[in-house]
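Novice: Below you'll find the structure I mean.
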There are 2 protein chains.
Amino acid sequence: MATPPFNSFQEFSALLARLPSADAGAVAGAEVRNAQLTKPAGALGRLEELAIWYAGWRGTDRPGISAPQVLIFAGNHGVTAQGVSAFPGEVTAQMVMNFEAGGAAINQLSAFAGAELAVTALDLDRPTVDFTTGPAMSEAECVAALGTGWSAVSDQADLLVTGEMGIGNTTSAAALAAALWGGGGQDWVGRGTGVDDAGLTLKADVVDRGLACNAAHLQTPLGALAALGGREMAAMTGAIARARSLSIPVILDGFICCAAASVLARAVPGGLDHCVAGHASAEQAHQRMLSHMGMQPLLELGLRLGEGSGAALAINILGAAVACHSGMATFAEAGVADGG
Amino acid sequence: MATPPFNSFQEFSALLARLPSADAGAVAGAEVRNAQLTKPAGALGRLEELAIWYAGWRGTDRPGISAPQVLIFAGNHGVTAQGVSAFPGEVTAQMVMNFEAGGAAINQLSAFAGAELAVTALDLDRPTVDFTTGPAMSEAECVAALGTGWSAVSDQADLLVTGEMGIGNTTSAAALAAALWGGGGQDWVGRGTGVDDAGLTLKADVVDRGLACNAAHLQTPLGALAALGGREMAAMTGAIARARSLSIPVILDGFICCAAASVLARAVPGGLDHCVAGHASAEQAHQRMLSHMGMQPLLELGLRLGEGSGAALAINILGAAVACHSGMATFAEAGVADGG
């Protein structure tokens with residue numbers, strides 16, 4: 001476990017400014033290889049682009065994926081006191097036990113994709129402050145959660161997925177998205193895991209009250225994360241930053257993961273260049289957030305579960321892209337006329 | 001190898017009318033199980049629907065996928081004499097050698113998905129007749145190709161993908177689609193593996209001439225298949241029918257595979273109930289064809305390669321859906337409150 005090299009927002013921000021970029025030589029080499037493979041130019045569509053992107057971050061023109069890691073972070077939210085979820089807060093801890101016992105969707109999806117799954121529960125017995133009454137977390141609490149995420153990433157991984165569990169966290173993510181990308185509650189709330197029309201109106205109002213109450217803290221992305229986010233979101237932010245420091249590509253999950261990732265997008269230019277969007281979830285505002293992030297999702301299958309589920313599913317797409325890129329014969333090797 | 005139980009279009013048609021349906025009891029059982037799994041209702045979106053559909057065809061409420069089969073059929077097309085492809089006809093045989101040597105995209109995608117791949121070349125040295133001059137195949141030739149596909153399906157498989165290779169076959173598939181679903185050349189042609197604007201205009205004209213020249217043969221789906229299709233398409237039609245006879249679900253690939261499958265859709269009501277669309281390809285008219293077929297593709301990643309590539313990629317999606325359905329804990333097993 002790496003000790004996080006930051007103890008404050010200022011130190012974390014300074015670190016973000018120094019994170020590595022993709023290897024331009026590996027990108028160029030992968031583009032050359034791609035053009036020689038036994039298929040018409042561009043015929044593998046998005047798979048070609050994915051493989052070249054992955055090659056750039058791994059620093060080789062012919063990469064492999066052998067050690068994907070799925071990290072699930074769980075946190076509880078004081079804002080559930082406002083009645084924003086169809087499920088009671090106890091479900092967060094129950095689902096953590098389900099993850100540990102292997103019974104959840106993400107367990108099956110991680111195993112199917114050949115990924116190692118690790119689950120981290122962050123102070124479940126100490127929910128964040130209800131953000132309609134003040135900041136959800138202090139800077140120190142938020143920095144600790146960033147550090148938990150940072151330290152959870154294995155330096156042996158070659159691909160990262162971050163997921164979450166936290167009753168109430170679509171409301172928290174909607175508030176964070178509004179603070180980072182603009183707009184109000186109505187623009188960013190959705191049905192989460194099952195609220196009705198009245199619940200939706202309530203969630204929008206709760207978000208707007210949170211934005212108003214915390215206006216003084218929303219000038220920086222990290223300030224917004226502490227004021228409106230949750231520990232599981234801060235941990236995802238930290239993990240995604242750590243992956244960048246290790247040149248490990250990341251597949252982003254749905255609405256809550258993308259809200260956490262958006263902190264990095266707003267903190268530094270190109271802060272998510274090492275990430276792709278695994279899927280567009282059924283949560284209404286996820287597509288809006290992806291547009292702000294400039295990302296095209298790989299999958300759109302109506303998932304709205306969280307847990308990293310959509311991103312874990314997308315590991316198979318990226319894995320297949322890399323398998324084609326690195327395993328196919330060239331025209332010369334196969335003795336096939338290249339049509340050019 | 002099963003000997004095909006048909007020697008004429010009439011016998012094949014009679015057989016189609018007797019093919020089995022999904023097991024309603026297994027569908028009901030899978031729906032009950034799905035409602036008890038540790039996730040909010042519907043939160044796995046399309047994955048839930050896929051798993052229940054698969055369960056119905058396999059006749060069990062808790063299925064597994066352990067033996068997917070990918071069948072590639074290759075054929076040559078007399079219509080290449082009209083200059084409709086950017087590649088020379090010799091590439092069909094060269095790519096068959098590439099499949100056999102393991103160098104093509106479909107080799108990597110099949111291996112990635114844990115599928116057995118088999119390649120069947122159908123009389124490559126004897127292209128079909130140029131369909132602008134008369135029927136591409138006689139009934140006997142078409143029945144033989146249907147039988148080749150029928151016999152290639154393993155009765156041990158639990159999932160089937162059919163793919164193809166055949167220089168010129170997007171033109172043939174466009175003509176077949178027009179005959180089966182209506183419209184003319186302009187509605188159905190696309191850029192295939194790389195023709196330019198002039199090539200596109202030529203393809204549309206070639207299709208229209210083929211439709212006019214063969215008008216007398218287009219009254220039945222099988223007549224249209226023989227007049228405008230190719231041996232690899234007829235083999236796919238036969239394989240998809242054989243899968244139905246064995247209650248093996250099928251993932252359809254792109255434009256050419258769907259044209260071949262459309263023969264069954266037009267021949268008998270519900271003829272493709274055992275099939276899902278693996279992807280929407282970049283070939284322009286594929287989305288139009290999927291609409292006629294009433295199918296929503298699982299993936300849309302801009303592939304336009306054929307070979308079964310998009311469908312093989314989608315094996316991973318269906319596999320993940322079934323893994324979730326059959327592997328997850330129920331609320332009762334996990335001790336999680338179900339929010340209901």
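The values are calculated or read from the model by the stated rules, or taken from the named source; none is laboratory data. Because the structure is predicted, anything quoted here is derived from the model rather than measured. Neighbour counts run over all protein chains shown; Cβ positions are idealised from the backbone, glycine included. Note: accessible area is taken over every heavy atom of the protein model, side chains too, but ligands, DNA and RNA are not part of it. Shrake-Rupley method; radii C 1.70, N 1.55, O 1.52, S 1.80 Å.
Novice: Applying the selection to the range A:307-322, what residues are more than 8 Å from chain B (Cβ to nearest Cβ), among the small types (Gly, Ala, Ser), in contact (Cβ under 8 Å) with a residue 60 or more places away in the chain and more than 24 Å from A:Gly59 (Cα to Cα)?
Specialist: A:Gly308
Novice: Got a sec? Which of A:Asp130, A:Asp125, A:Asp187, A:Asp205 is open to solvent by 50 Å² or more (accessible area, probe 1.4 Å) and part of a loop (DSSP other than H, G, I, E, B)?
Specialist: Of A:Asp130, A:Asp125, A:Asp187, A:Asp205, the one residue that is open to solvent by 50 Å² or more (accessible area, probe 1.4 Å) and part of a loop (DSSP other than H, G, I, E, B) is A:Asp125.
Novice: Can we say A:Val129 is under 21 Å from the mean Cα position of the chain (by Cα) and touching a residue at least 12 places away in the same chain (Cβ under 8 Å)?
Specialist: Values: under 21 Å from the mean Cα position of the chain (by Cα): no; touching a residue at least 12 places away in the same chain (Cβ under 8 Å): yes.
It is false that A:Val129 is under 21 Å from the mean Cα position of the chain (by Cα) and touching a residue at least 12 places away in the same chain (Cβ under 8 Å).
Novice: List the number of the failed condition for A:Gly134; all other conditions in (1) within 18 Å of A:Gln69 (Cα to Cα); (2) more than 14 Å from every other protein chain (Cβ to nearest Cβ) hold.
Specialist: (1)
Novice: Taking the range A:278-292 on its own, how many of its residues are out of contact with any Gly (no Cβ under 9 Å at 6 or more places or on another chain) and among the small types (Gly, Ala, Ser)?
Specialist: Looking only at that region, the number is 1.
Novice: Out of (1) surrounded by 21 or more Cβ atoms within 10 Å (Cβ to Cβ); (2) free of Cβ contacts under 8 Å to residues at least 12 places away in the same chain, the odd one out for B:Gln287 is which?
Specialist: Evaluating B:Gln287 over (1) surrounded by 21 or more Cβ atoms within 10 Å (Cβ to Cβ); (2) free of Cβ contacts under 8 Å to residues at least 12 places away in the same chain leaves (1) as the failure.
Novice: Checking the conditions here, which among A:Gly168, A:Gly238, A:Gly182 is without any contact (Cβ under 8 Å) to a residue 24 or more places away in the chain, of a type outside the set (Phe, Trp, Tyr) and open to solvent by less than 40 Å² (accessible area, probe 1.4 Å)?
Specialist: Details: A:Gly168 fails: without any contact (Cβ under 8 Å) to a residue 24 or more places away in the chain; A:Gly238 fails: without any contact (Cβ under 8 Å) to a residue 24 or more places away in the chain.
When all the criteria are applied, what remains is A:Gly182.
Novice: Right, next: Here's a check for you: in the range A:257-282, which residue that is open to solvent by 10 Å² or more (accessible area, probe 1.4 Å) and farther than 25 Å from A:Ser21 by Cα is nearest to the other protein chains (Cβ to nearest Cβ)?
Specialist: A:Ala282
Novice: Ok, one more. Of all residues being buried (at least 24 other Cβ atoms within 10 Å of the Cβ) and either more than 26 Å from A:Val207 (Cβ to Cβ) or within 19 Å of the chain's Cα centre (by Cα) (or both) in the range A:93-102, which is nearest to the other protein chains (Cβ to nearest Cβ)? Just the residue, please.
Specialist: The extreme case among them is A:Asn98.
Novice: Another question, then. If you go through the range B:147-158 one residue at a time, do you hit one that is of a type outside the set (Lys, Arg), within 14 Å of another protein chain (Cβ to nearest Cβ) and either within 19 Å of B:Ala239 (Cα to Cα) or surrounded by 22 or more Cβ atoms within 10 Å (Cβ to Cβ) (or both)?
Specialist: Within the range B:147-158, not a single residue is of a type outside the set (Lys, Arg), within 14 Å of another protein chain (Cβ to nearest Cβ) and either within 19 Å of B:Ala239 (Cα to Cα) or surrounded by 22 or more Cβ atoms within 10 Å (Cβ to Cβ) (or both).
Novice: Would you point out which residue out of A:Thr193, A:Thr220 is hydroxyl-bearing (Ser, Thr, Tyr), modelled with pLDDT of 95 or more and open to solvent by 40 Å² or more (accessible area, probe 1.4 Å)? Walk me through it before giving the result.
Specialist: Numbers: A:Thr193 fails: modelled with pLDDT of 95 or more.
Being hydroxyl-bearing (Ser, Thr, Tyr), modelled with pLDDT of 95 or more and open to solvent by 40 Å² or more (accessible area, probe 1.4 Å) holds for just one of A:Thr193, A:Thr220, which is A:Thr220.
Novice: Shifting gears a bit: Scan the range B:290-303 residue by residue and report those that are in contact (Cβ under 8 Å) with a residue 40 or more places away in the chain, buried (at least 24 other Cβ atoms within 10 Å of the Cβ) and more than 14 Å from the chain's Cα centre (by Cα).
Specialist: Answer for the range B:290-303, where residues must be in contact (Cβ under 8 Å) with a residue 40 or more places away in the chain, buried (at least 24 other Cβ atoms within 10 Å of the Cβ) and more than 14 Å from the chain's Cα centre (by Cα): just B:Leu303.
Novice: State all residues of the range A:23-48 that are within 12 Å of another protein chain (Cβ to nearest Cβ) and under 24 Å from the mean Cα position of the chain (by Cα); if no residue qualifies, say none.
Specialist: First, pick out the residues of the range A:23-48 that are within 12 Å of another protein chain (Cβ to nearest Cβ): A:34, A:36-48.
A:Gly45, A:Arg46, A:Leu47, A:Glu48, listed by residue number.
Novice: Also: Which ones in the range A:103-119 are open to solvent by less than 30 Å² (accessible area, probe 1.4 Å), more than 7 Å from every other protein chain (Cβ to nearest Cβ) and of a type in the set (Gly, Ala, Ser)?
Specialist: A:Ser110, A:Ala113, A:Ala115
Novice: Does A:His325 count as within 11 Å of the chain's Cα centre (by Cα) and either within 14 Å of chain B (Cβ to nearest Cβ) or open to solvent by 20 Å² or more (accessible area, probe 1.4 Å) (or both)?
Specialist: no
Novice: Checking the condition without any contact (Cβ under 8 Å) to a residue 40 or more places away in the chain and small (Gly, Ala, Ser), which residue from A:Ala86, A:Ala81, A:Ala104, A:Ala93 passes?
Specialist: After ruling out the rest, the residue left standing is A:Ala93.
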